[in-house]
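Novice: Here it is, the structure, as structure tokens.
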Amino acid sequence: MQKVENELKSLQETPIRFSSQDVLSRSIHGNYELRVSGNPYEIGYKTGKLTDSLYQLQETFFFDKVAQMTGTSKKQRFLLKFLRWYNRDLIHFVPQEYQEEIYGLSQFNSSNLDSIASPFQRSMMLHGAHDIGHAMQDLMLVGCSSFALHATYTKDESLWIGRNFDFYVSDDFAQNKIVSFVNPEKGYKYASVTWPGMLGVVSGMNEKGLTVTINAGKSSIPLKAKMPISLLAKEIVQFASTIDEAIEIARNKQLFVSESILIGSALDNDAAIIEISPKKMDVVRSSDDLLICTNHFQSTILGNEKRNQKHKATSHSQYRYELLEEEFAKGSEINEIELAKTLRKTTGLQNKQIGFGNEKALNQLRAHHAVIFHPKTLRMWVSNNPYQLGAFDLYDLNDVFSGNENVFSSNSIPEDSFLKSEEFKNLALYRKLLNELIAQYSAKETIPLHKGTQLIAYNPEFWEAYYWAGKIAFEHQDYVLAQTYFNQALAKEVTTLQDVEQLNQWIKKCQRKTKKFQK
């Protein structure tokens, strides 16, 4: 990577000219709105220049999370050394123009983190963060849900697409969202919902009404990084106008994780899912005018693989798939308001209360963003903080790409009333207390019994609250109470099969301890 970086240094001699179309503004609801244009290096440089303080803050949030996960400075050094080694060949799988964009962006990295890696190397790492996160399985939450529906489901038979992007690093990492509007030298103009320092695409639509959203699939841990999925999605939204063109772009790419890419197309008035793994690719097309995408594969080739079948049976992906099936079986009118309600849904099947923050919900109350696309009219609605609950700003790409100024956010979907509820306030208290308890438990500190009761009071339908109350009671050697809590947890909607097995193991521990004391 160092050799390539040295070759890219000559780009610094390129004169950069900003126009009135290169600007950073802010929605009245909080999201940043970025417009940039030019050749690859210019787009990267302008993005870095306009968002420099946000970019440096975002980089700090990410590496602070790495430090928090690893704990000791020795472990941190090891992980960072591992990440540098893991990304050793990443550069060879990134197209030249995107190397130039990322290099332009990296001119505005914080110098405070140069001990980790060079600015350019860190920028490349951050573009693979989504991939590395779900390749390592437990580093970040990636429980995304998306859907496309048209024809018999919609009033005018036009295509609608919705998605929740549940990639989670931390609340800090999600606080500064950017809706980016890019006018590249080559390819189509496009919009992307992103974060500072991210030039790749995770949710986007171009001027032809082609949309791209990505959902993580089940992956084995690869030996090295290849092309980040966000850069493949960027290439598709920049250069494809139809589903077939998107498939052709994806066909020969080498990725290092498994991913589902939901493509919507105004020209086709249809959608498809490109399912891609490091070794195989297949395509899923809608058979009944509804296409649902969560985190398992559905195609003939990848859907039948053992790893995928196990993931489907043990994770929360299939549950969310069924939630969306149930939601669209109601036959209600499809519009942006109704789709926002779906993306904000915190209950389970048959509207069962499953606890706030349960990953079985469509709205896990951790999403980085939610977005609704109407490709036919080139309109998109983007959520504001927090999660999917803030107002959705409307962007009409016909206006945005016309060159007019002050055309952003003319209308919005109002914020969710849940934001004003007692339950939402209690969720914040729940997460604050849970983080404190986890830290104390890891440090082997004594936690008062009443803290478990307090945790349950804040989120009474969530199995996780009873699980932690049980662990606290177990540490106090009150095994009868601990077993009661674990049984209560099992009676709730437990997120995964692994969680169920863990609860059963704790119950057996309690039973053994109780028998021992009875003797």
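The values are calculated or read from the model by the stated rules, or taken from the named source; none is laboratory data. Source: prediction; values computed, not measured. Quick reminder, even Gly has a Cβ in these numbers, built from the backbone with ideal geometry, and neighbours come from all protein chains shown. In case anyone asks, the SASA skips ligands and DNA or RNA and just uses the protein heavy atoms, side chains included. Shrake-Rupley method; radii C 1.70, N 1.55, O 1.52, S 1.80 Å.
Novice: I'm trying to understand the selection: among the residues of segment 379-390, which are in a loop (DSSP other than H, G, I, E, B) and open to solvent by less than 10 Å² (accessible area, probe 1.4 Å)?
Specialist: First pass over segment 379-390, keeping only residues in a loop (DSSP other than H, G, I, E, B): 384-390.
The answer is ASN384, GLN388, LEU389, GLY390.
Novice: Report yes if ASP138 is closer than 23 Å to HIS311 by Cβ, at pLDDT below 85 and surrounded by 22 or more Cβ atoms within 10 Å (Cβ to Cβ), otherwise no. Lay out the reasoning, then the answer.
Specialist: Working: closer than 23 Å to HIS311 by Cβ: yes; at pLDDT below 85: yes; surrounded by 22 or more Cβ atoms within 10 Å (Cβ to Cβ): no.
So ASP138 fails the test.
Novice: THR484: at pLDDT below 95 and open to solvent by 20 Å² or more (accessible area, probe 1.4 Å), yes or no?
Specialist: Working: at pLDDT below 95: no; open to solvent by 20 Å² or more (accessible area, probe 1.4 Å): yes.
Considered against the rule, which asks whether it is at pLDDT below 95 and open to solvent by 20 Å² or more (accessible area, probe 1.4 Å), THR484 comes out as no.
Novice: Only one of SER265, SER230, SER277 is among the hydroxyl-bearing types (Ser, Thr, Tyr), touching a residue at least 60 places away in the same chain (Cβ under 8 Å) and over 24 Å from LEU149 (Cα atoms); which?
Specialist: On the way: SER265 fails: over 24 Å from LEU149 (Cα atoms); SER230 fails: over 24 Å from LEU149 (Cα atoms).
Testing whether each residue is among the hydroxyl-bearing types (Ser, Thr, Tyr), touching a residue at least 60 places away in the same chain (Cβ under 8 Å) and over 24 Å from LEU149 (Cα atoms) leaves just SER277.
Novice: With the requirement that a residue be assigned to a loop (DSSP other than H, G, I, E, B) and under 22 Å from the mean Cα position of the chain (by Cα), what does segment 234-266 give you? Spell out how you get there, then give the answer.
Specialist: Here is the first cut: in segment 234-266, the ones assigned to a loop (DSSP other than H, G, I, E, B) are 240-242, 252-254, 256-258, 266.
Selection gives LYS253, GLN254, PHE256, VAL257, SER258.
Novice: Also, quick follow-up: Taking only pairs six or more apart or across chains, which ones have beta-carbon atoms under 9 Å, a first residue in segment 483-508 that is within 21 Å of GLY348 (Cα to Cα), and a second residue that is at pLDDT below 95 and assigned to a helix (DSSP H, G or I)?
Specialist: Here the result reads THR496/THR314; LEU497/ALA313; LEU497/THR314; GLN498/THR314, each pair linking segment 483-508 to a residue that is at pLDDT below 95 and assigned to a helix (DSSP H, G or I).
Novice: Now, a different point. Taking the residues in segment 12-51 that are buried (at least 17 other Cβ atoms within 10 Å of the Cβ), without any contact (Cβ under 8 Å) to a residue 60 or more places away in the chain and not hydrophobic (A, V, I, L, M, F, W, C) as candidates, determine which candidate is farthest from ALA174 (Cα to Cα).
Specialist: Among them, the one singled out is ASP22.
Novice: Hey, could you check segment 461-473 for residues that are closer than 18 Å to VAL494 by Cβ, free of Cβ contacts under 8 Å to residues at least 40 places away in the same chain and not small (Gly, Ala, Ser) and say which is surrounded by the most Cβ atoms within 10 Å (Cβ to Cβ)?
Specialist: Per the criteria, the residue is TYR466.
Novice: Still on this structure: Provide a single number: the residues in segment 179-197 that are of a type in the set (Gly, Ala, Ser) and farther than 16 Å from GLU235 by Cβ. Reasoning before the result, please.
Specialist: To start, the set of residues in segment 179-197 that are of a type in the set (Gly, Ala, Ser) comprises 180, 187, 191-192, 197.
Going one step further and asking which of them are farther than 16 Å from GLU235 by Cβ, we end up with 197.
Total satisfying the criteria: 1.
Novice: In segment 353-372, what count of residues is obtained for those that are outside any loop (DSSP other than H, G, I, E, B) and either out of contact with any Gly (no Cβ under 6 Å at 6 or more places or on another chain) or open to solvent by 10 Å² or more (accessible area, probe 1.4 Å) (or both)? Full working, then the answer.
Specialist: From segment 353-372, those outside any loop (DSSP other than H, G, I, E, B) are 369-372; that's our starting set.
Adding the requirement that they be either out of contact with any Gly (no Cβ under 6 Å at 6 or more places or on another chain) or open to solvent by 10 Å² or more (accessible area, probe 1.4 Å) (or both) leaves 369-371.
Of the residues in that region, 3 qualify.
Novice: Considering segment 153-184 alone, what residues qualify as being farther than 19 Å from GLU336 by Cβ and among the hydroxyl-bearing types (Ser, Thr, Tyr)?
Specialist: From segment 153-184, those farther than 19 Å from GLU336 by Cβ are 166-176, 178, 180-184; that's our starting set.
Within segment 153-184, TYR168, SER170, SER180 qualify.
Novice: Where residues in segment 248-257 are open to solvent by 10 Å² or more (accessible area, probe 1.4 Å) and touching a strand residue (DSSP E or B) at 6+ places or on another chain (Cβ under 7 Å), which of them is modelled with the lowest pLDDT?
Specialist: The selected residue is GLN254.
Novice: Restricting to segment 172-199, what's the tally of residues that are closer than 20 Å to ILE372 by Cα, polar (S, T, N, Q) and open to solvent by 40 Å² or more (accessible area, probe 1.4 Å)?
Specialist: So the count comes out to 1.
Novice: Considering (1) in contact with a helix residue (DSSP H, G or I) (Cβ under 8 Å, 6 or more places away or on another chain); (2) buried (at least 16 other Cβ atoms within 10 Å of the Cβ); (3) not basic (Lys, Arg), say which one LEU449 fails and leave the rest.
Specialist: Here LEU449 clears every test but (2).
Novice: Determine whether segment 203-219 contains at least one residue that is open to solvent by less than 30 Å² (accessible area, probe 1.4 Å), closer than 18 Å to ALA370 by Cβ, in a helix (DSSP H, G or I) and modelled with pLDDT of 95 or more.
Specialist: So in segment 203-219, the residues open to solvent by less than 30 Å² (accessible area, probe 1.4 Å) come out as 203-206, 209-217, 219.
Then drop every residue that is not closer than 18 Å to ALA370 by Cβ, which leaves 203-205, 211-216.
Keeping just the survivors that are in a helix (DSSP H, G or I) gives none.
No, every residue in segment 203-219 fails to be open to solvent by less than 30 Å² (accessible area, probe 1.4 Å), closer than 18 Å to ALA370 by Cβ, in a helix (DSSP H, G or I) and modelled with pLDDT of 95 or more.
Novice: Take segment 435-482 and flag every residue that is under 21 Å from ASN358 (Cβ atoms), out of contact with any Pro (no Cβ under 9 Å at 6 or more places or on another chain), in a helix (DSSP H, G or I) and hydrophobic (A, V, I, L, M, F, W, C).
Specialist: LEU437, ILE438, LEU455, ILE456, ALA457, TRP463, ALA465, TRP468, ALA469 - these are the residues of segment 435-482 that are under 21 Å from ASN358 (Cβ atoms), out of contact with any Pro (no Cβ under 9 Å at 6 or more places or on another chain), in a helix (DSSP H, G or I) and hydrophobic (A, V, I, L, M, F, W, C).
Novice: Which residues, taken from segment 406-434, are in a loop (DSSP other than H, G, I, E, B) and either open to solvent by 50 Å² or more (accessible area, probe 1.4 Å) or at pLDDT 95 or above (or both)? Lay out the reasoning, then the answer.
Specialist: Keep residues of segment 406-434 that are in a loop (DSSP other than H, G, I, E, B), which gives 406-411, 414-416, 421.
ASN406, SER410, ASN411, PRO414, GLU415, ASP416, SER421 - these are the residues of segment 406-434 that are in a loop (DSSP other than H, G, I, E, B) and either open to solvent by 50 Å² or more (accessible area, probe 1.4 Å) or at pLDDT 95 or above (or both).
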